[in-house]
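Submitted below is the structure of interest, expressed as structure tokens.
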Amino acid sequence: MARVVLKLGDDISTDIIYPGRFMATVLPTETPQYAFADFPEFNAQLKKGEIPAGSIVVAGKNFGCGSSREQAASTLKGHELVIVAKNFARIFLQNAINLGLRLVVCPEIEAEEGDELEILPDKIINRTSGKEFRVEPLPKARQAIIDAGGLIPYTRQRLLEKAASRKKV
Amino acid sequence: MGMTMVEKILARATGQKKVTAGQVVEPKVSLAMSHENAALVINQFLEVYKDTGLKPKVWDPDKIAIILDHRVPAESSKTATNQKKIREFVAAQKIKKFHDIRGDQGGICHQILPESGYVLPGTVVVGTDSHTTSHGALGAFSFGIGATEMASVWTLGRVLNVEVPPTIKVVATGRFGRYVLPKDFILYLIGKISAEGANFKVLEYHGPAIEHMSTSGRLTICNMSVEAGATSGIVPPDRETLRYLKEEAGVKGKVEVFGPDSDAEYDQIVEIDVSELEPQVACPHMVDNVKPVGRVGKVKVDQIVIGSCTNGRLDDLAVAAKILKGKKIARGVRMLVFPASFRIYQQALKLGYLADLVKAGAVVMNPGCGCCLGVHQGALGDGEVALSTTNRNFKGRMGNPRAEVYLCSPAVAAASALTGYITDPRKGGK
């Protein structure tokens, strides 16, 4: 069970998650400091370590729309936040899966800041309101990447297989 | 059932006779493009090779393009260091399609790729930029990916685990009216289907209004297809595509072209008669908050921007120069012009457009993404309003969450520069 620490609306763009003016910072080890930089209070809480790992951000439709900047996923991954949204924009969703950021697609989610949610494979139980909401599976094409722990280990595995098969020939 | 344009391309790129929407494929990549975020791609690429005992080597240096455009010349020491790291990698890996910050080869990636003849119809193109959708204008399946995914492409030459997207067929009939441009068409479409209306889908463009449209206009509509959430926009290649490739992009030899099957299965069909279309404006802070220019109300503007991968091409500069020639932009308005590439810059210089714009009071900047993404070259002050031919108006986009950005065509931008208010170009300035 984890707490909702931030509630957002529809169409939260990558410019809100990770403003363009910080794009010169690229390394996943450095991006977390700018997460939601234009929400100074929340950003300050994150930086002070006041938000425990596994805390939940709840959003509406089309979370992560806009830029392909991977910083938007790595900045959230750095704080080990879990994002529950009605749906996600394509590139953000893929970046998140590639980096191992946890996303949950929950088309009817109703939750407020402070609510305690239990996330199960097929549903979310809002322990504060007592309501349950169905969870949609992530695209099946991405399962192998999730299982491998992200795209880097998955690609490494494929690279080694390729190198081994070349040796045999 | 036949195949859509993208299904046909993916069938070829995977060596299969037929693929259908929803199927999972690993297509071969013909071109892999990055810009400054190549710095992150390099980091992730080296990470893939870590502890493998293998020497990091890209799968095919001739299929990788890197164009410095997002922050040129470097706005900070951090960016300059990233750009330096990219140059070193490019030299070490022998990547030839590299466009540095130079007056004889630089510009925005989404203009450099088409004008250099790097994109061919029927191929798979990926880029670490969401507006990679642009290259569908030449009949390629072209889409944006993240940096780690690009590191994977650099390693294996394929995009892993792609779900074949369903396609929405957009049919544009009629003829565009005076000062109604491709930008107005794509803004109208985004307003109609919403910012997530094509999420995980492809927008395939058809109809007489597309057939009569230049490649420049097609680049504008495919570019902004991502603002409706689309994986890609695509125009089936035709005579205009071949003309552009031969005459403007210098492509030699035979170019193979094919369209979708006549019995292809579409997710939905959207029809738009462009004859009825008025100039459109996307109001803050969402790209789908679109209204005809006449219904925006009296909005005073502080900064006008003409440029970007959406509208920084020669015909965009031509329409702005035509409206502004011999006139003065309104007092209190600053106008910034970013040609999309140095080739366009030189053409516009020769044709006198840049002189017309500068004499009217505009500032002509160096080709690049400029202020579009809010890093440098024209940030907004608190409470200021920008009217821009770029592609995004999200809160904070132009560097300040306390400012507002409206999006429009170059004709609306130029007409508004004369009055200082958002203005219908058909009614003219003062």
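Mind telling me which of the residues B:Gly136, B:Gly157 ends up being in contact (Cβ under 8 Å) with a residue 60 or more places away in the chain, touching a Phe, Trp or Tyr at 6+ places or on another chain (Cβ under 9 Å) and surrounded by fewer than 24 Cβ atoms within 10 Å (Cβ to Cβ)?
B:Gly157
Shifting gears a bit: Taking region B:14-55 as the region of interest, how many residues are in a loop (DSSP other than H, G, I, E, B), facing another protein chain (nearest Cβ under 10 Å) and not charged (D, E, K, R)?
The qualifying residues number 6.
Given the criteria on the phi > 0 side of the Ramachandran plot and touching a helix residue (DSSP H, G or I) at 6+ places or on another chain (Cβ under 9 Å), does A:Gly130 qualify?
no
Tell me, please, whether a residue that is farther than 20 Å from B:Asp184 by Cβ and surrounded by fewer than 22 Cβ atoms within 10 Å (Cβ to Cβ) can be found in region B:308-318.
no
In region A:149-164, how many residues are surrounded by 15 or more Cβ atoms within 10 Å (Cβ to Cβ) and not in a helix (DSSP H, G or I)?
The number of residues fulfilling the criteria is 1.
Is at least one residue of region A:49-71 hydrophobic (A, V, I, L, M, F, W, C), under 28 Å from B:Thr81 (Cβ atoms) and assigned by TED's automatic domain parsing to the domain that holds A:Glu132?
No: region A:49-71 contains no residue that is hydrophobic (A, V, I, L, M, F, W, C), under 28 Å from B:Thr81 (Cβ atoms) and assigned by TED's automatic domain parsing to the domain that holds A:Glu132.
Specify which of the listed residues (B:Cys283, B:Cys309) is of a type in the set (A, V, I, L, M, F, W, C) and farther than 28 Å from B:Glu7 by Cα.
B:Cys283
Next question, about the same structure. In region A:56-66, what count of residues is obtained for those that are within 13 Å of chain B (Cβ to nearest Cβ) and aliphatic (A, V, I, L, M)?
Matching residues across region A:56-66 total 1.
If you don't mind, another one. So how many residues does region B:10-57 have that are of a type in the set (S, T, N, Q), touching a strand residue (DSSP E or B) at 6+ places or on another chain (Cβ under 7 Å) and either under 28 Å from B:Arg71 (Cβ atoms) or modelled with pLDDT under 95 (or both)?
Total meeting the criteria: 2.
Same structure again: Name, by its number, the condition in (1) facing chain B (nearest Cβ under 10 Å); (2) part of a strand (DSSP E or B) that does not hold for A:Val5.
Result: A:Val5 fails condition (1) only.
Restricting attention to region B:255-278, and to residues there that are of a type in the set (D, E, K, R) and touching a Pro at 6+ places or on another chain (Cβ under 8 Å), which single residue is modelled with the lowest pLDDT?
B:Glu256
Additional query: For region B:381-389, does any single residue satisfy the condition of being within 14 Å of chain A (Cβ to nearest Cβ), in contact with a Lys or Arg (Cβ under 8 Å, 6 or more places away or on another chain) and without any contact (Cβ under 8 Å) to a residue 60 or more places away in the chain?
yes
While we're looking at this one, here's another question. All but one of (1) crowded, with 18+ Cβ neighbours inside 10 Å; (2) out of contact with any helix residue (DSSP H, G or I) (no Cβ under 8 Å at 6 or more places or on another chain); (3) more than 26 Å from B:Ser225 (Cβ to Cβ) hold for A:Gly78; state the number of the condition that does not hold.
In the conditions (1) crowded, with 18+ Cβ neighbours inside 10 Å; (2) out of contact with any helix residue (DSSP H, G or I) (no Cβ under 8 Å at 6 or more places or on another chain); (3) more than 26 Å from B:Ser225 (Cβ to Cβ), A:Gly78 misses (2) alone.
In region A:155-169, what count of residues is obtained for those that are facing another protein chain (nearest Cβ under 7 Å) and hydroxyl-bearing (Ser, Thr, Tyr)?
1
On to the next question. Looking at the structure I just gave you, is B:Ser388 under 14 Å from B:Val412 (Cβ atoms), outside the structural domain of B:Lys78 (by TED's automatic domain parsing) and buried (at least 24 other Cβ atoms within 10 Å of the Cβ)?
Spelling it out, B:Ser388 is indeed under 14 Å from B:Val412 (Cβ atoms), outside the structural domain of B:Lys78 (by TED's automatic domain parsing) and buried (at least 24 other Cβ atoms within 10 Å of the Cβ).
This table checks each residue for (1) charged (D, E, K, R); (2) over 24 Å from B:Ser130 (Cα atoms); (3) more than 7 Å from chain B (Cβ to nearest Cβ).
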{"site": "A:Asp15", "(1), (2), (3)": "yes, no, no"}
{"site": "A:Tyr18", "(1), (2), (3)": "no, no, yes"}
{"site": "A:Glu30", "(1), (2), (3)": "yes, no, yes"}
{"site": "A:Lys47", "(1), (2), (3)": "yes, yes, yes"}
{"site": "A:Gly54", "(1), (2), (3)": "no, yes, yes"}
{"site": "A:Ser68", "(1), (2), (3)": "no, no, no"}
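Of the conditions (1) over 27 Å from B:Arg392 (Cβ atoms); (2) in contact with a strand residue (DSSP E or B) (Cβ under 8 Å, 6 or more places away or on another chain), A:Gly130 satisfies every one except a single condition; which number is it?
(2)
Would you be able to say whether some residue in region A:24-41 is under 11 Å from the mean Cα position of the chain (by Cα), surrounded by fewer than 23 Cβ atoms within 10 Å (Cβ to Cβ) and part of a helix (DSSP H, G or I)?
No; the residues of region A:24-41 include none that is under 11 Å from the mean Cα position of the chain (by Cα), surrounded by fewer than 23 Cβ atoms within 10 Å (Cβ to Cβ) and part of a helix (DSSP H, G or I).
The values are calculated or read from the model by the stated rules, or taken from the named source; none is laboratory data. These figures come from a predicted structure and were not determined experimentally. Don't worry about glycine lacking a Cβ; one is built from the backbone with ideal geometry, like all the others, and counts go over all protein chains shown.
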